[in-house]
1. Among residues belonging to the stretch 107-143 that are surrounded by fewer than 16 Cβ atoms within 10 Å (Cβ to Cβ), at negative phi and of a type in the set (Gly, Ala, Ser), point out the one that is nearest to the chain's Cα centre (by Cα).
2. I'm told ASP141 meets every condition in (1) in contact (Cβ under 8 Å) with a residue 12 or more places away in the chain; (2) part of a loop (DSSP other than H, G, I, E, B) except one. Can you identify the failing condition by its number?
Amino acid sequence: MAQLSPLSRPSGTDTPPPCEVPLFAPVRVGGVRPRVRRLFRHRKRAVAAGLAVTAVALVTTGPHDAERPRGHPMAASPPAPASAPLRVRPVTARVTAPVRIADGATVRLLRPGDRVDVVAADSGGRARVVAAGARVTEVPDAEATEAGALVVLSVPRATATRLAGAGTTDRLAVTLC
């Protein structure tokens, strides 16, 4: 059989026969998506950056009153009109309660204004906090006896009742807060 030279073949016959193209994943060109993925990988940084940008935007676009003092918002607010109802925070009635502490030497460490926790220990060795964060109002000069020493505390009325009840049956101690 005689072979044809490449120049003598009819046009269009020099291409290979068609074949099937295999499936492949699409090629993505770099752009915004890798940055978004990177942000999701570093969420804490993204949140911190977002908060910083928001804070700067709020500071720069907020009202600029030269006469208004900066600081605590309650100090800068104008007085409420007479028709507005007053919002009063409920005040817990505080009472002074004399308490006998078992260790008189501990009472000598206390000064008026100190904050203490009062702990009651029963005869079985179990301890419980009877008063947390009680303010010492007075430390009488009486000498410590075997029964302990006296201290005067400022506590809510319900706590004073618990202190009185615990003082009759348990030994009381204090810890400084």
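1. Only one residue tops the list, namely ALA132.
2. All conditions pass for ASP141, except number (1).
None of the figures in this text is laboratory data; all of them are computed from the coordinates on show. The model shown is predicted, which means the values in this text are computed figures rather than measured ones. All Cβ positions, even for glycine, are placed from backbone atoms using ideal geometry, and neighbour counts span all protein chains on display.
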